[in-house]
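**Q** I'd like to ask you about the structure that follows.
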Amino acid sequence: AQKITQTQPGMFVQEKEAVTLDCTYDTSDQSYGLFWYKQPSSGEMIFLIYQGSYDEQNATEGRYSLNFQKARKSANLVISASQLGDSAMYFCAMRENAGNMLTFGGGTRLMVKP
Amino acid sequence: AAGVIQSPRHLIKEKRETATLKCYPIPRHDTVYWYQQGPGQDPQFLISFYEKMQSDKGSIPDRFSAQQFSDYHSELNMSSLELGDSALYFCASSSSPRVPYGYTFGSGTRLTVV
């Protein structure tokens, strides 16, 4: 079974609007961490935001916020006030307690329209 | 701030040749991770090292080997290259295997096997 599922292969959003990128995960660990990364066309992997499984507050980093719903096992990324530079591939990833590696979802390609 | 340095940025090799990718972690980071991202794929964990010892192993082919040196830099050695090895290879580092924010990725090495 997929550990990280991103159901939106591609999305369009109008500049200045907010957009939500979906991520659901599957783990039996009590302690785990969830990450979102941005990968522009240049290829580098840019860290955006992190949520720990025991964090009660949703993580926020500037225009990025993580809508963490533990019971539903979802960790959606919300980007407010989209900018043209936000056009990129976005990956959700999880680190489980059992190991140190990240498991990535299939990614969502976001395209911001002017 | 110093980031994770990977070299070379691009590499073209022929089938059956050997390639060596290098990763220089952020200063004082003692844990290094290697990932492989095929075209249109999500990154897949290969292997990690903590304090110069292998700490986790993922889907790394037997033709590949890696090590971490006394200065904490790491090298991924790939032999008998196949066309399917063409991918973006990421290295990431963290200050310990258990730091949730730990992952900082390098810009990647793009390997093309012809």
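Where a number appears in this text, it was derived from the coordinates with a stated rule and is not lab data. What you see is a predicted model; the values in this text were computed from it and never measured. Cβ sites come from the backbone with ideal geometry, for glycine too, and all protein chains shown count toward neighbours.
**Q** Summing Lys, Arg as +1 and Asp, Glu as -1, what charge do residues with Cβ under 12 Å from the Cβ of A:Gly43 carry, A:Gly43 excluded? Spell out each step's value before the answer.
**A** Details: positive: A:Lys38, B:Arg9, B:Arg110; negative: A:Glu44.
In short, +2.
**Q** Could you grab the relative contact order for chain A? Cα pairs under 8 Å, six or more apart, rounded to a whole percent.
**A** Details: 286 pairs, mean separation 42.7, N = 114.
It comes to 37 percent, rounded to a whole number.
**Q** Excluding residues on the same chain fewer than 8 positions from A:Lys16, give the aspartates and glutamates whose Cα lies under 12 Å from its Cα.
**A** A:Asp86
**Q** For A:Lys70, go through the lysines and keep the ones whose alpha-carbon is under 19 Å away, minus same-chain ones fewer than eight residues off.
**A** Answer for A:Lys70, where 19 Å is the Cα cut-off: A:Lys3, listed by chain and number.
**Q** Then there is this: Order by neighbour count: B:Ile26, B:Ile12, fewest other Cβ atoms within 10 Å first, most last. Display every interim value, and only then the final one.
**A** Details: B:Ile26 18, B:Ile12 13.
Going from least to most buried by this count: B:Ile12, B:Ile26.
**Q** Let me ask something else. Provide, as a two-decimal number, the C-alpha radius of gyration of segment B:1-76 over 2.2 N^0.38 Å, N being how many residues it has. Don't jump to the answer; show the numbers that get you there.
**A** Values: Rg = 12.8 Å, N = 76, 2.2 N^0.38 = 11.4 Å.
That works out to 1.12 for segment B:1-76.
**Q** Could I ask something else about it? Loop-only check: which trypsin sites (Lys or Arg not before Pro) in segment B:9-103 are DSSP coil with at most 13 other Cβ within 10 angstrom? Numbers along the way, then the final one.
**A** Details: sites: B:Arg9, B:Lys13, B:Lys15, B:Arg16, B:Lys22, B:Arg28, B:Lys52, B:Lys57, B:Arg63, B:Arg98; in loops: B:Arg9, B:Lys15, B:Arg16, B:Arg28, B:Lys52, B:Arg63, B:Arg98.
Those satisfying the criteria are B:Arg9, B:Lys15, B:Arg16, B:Arg28, B:Arg63, B:Arg98.
**Q** So what is log10(I(q)/I(0)) for segment A:1-79 at q = 0.13, 0.16 1/Å, when the Debye sum runs over its Cα atoms only?
**A** -0.42, -0.63
**Q** Right, something else. Based only on other Cβ atoms within 10 Å, what is the fewest-to-most ordering of B:His73, B:His10, B:His29? Mind showing how you got there, number by number?
**A** Numbers: B:His73 16, B:His10 9, B:His29 19.
Ranked by crowding around the Cβ, least crowded first: B:His10, B:His73, B:His29.
**Q** Which order results if A:Phe104, A:Phe12 are arranged by neighbouring Cβ count within 10 Å, fewest first? Walk me through the intermediate numbers first.
**A** Details: A:Phe104 23, A:Phe12 11.
The fewest-first ordering by Cβ neighbours comes to A:Phe12, A:Phe104.
**Q** Same structure, new question: When Lys and Arg each count +1 and Asp and Glu each count -1, what net charge do the other residues less than 14 Å away from B:Thr112, Cβ to Cβ, add up to? Can you show the working numbers first?
**A** Values: positive: B:Arg9, B:Lys13, B:Lys15, B:Arg110; negative: B:Glu14, B:Glu17, B:Glu82, B:Asp85.
Taking every Cβ under 14 Å from that of B:Thr112, the sum is 0.
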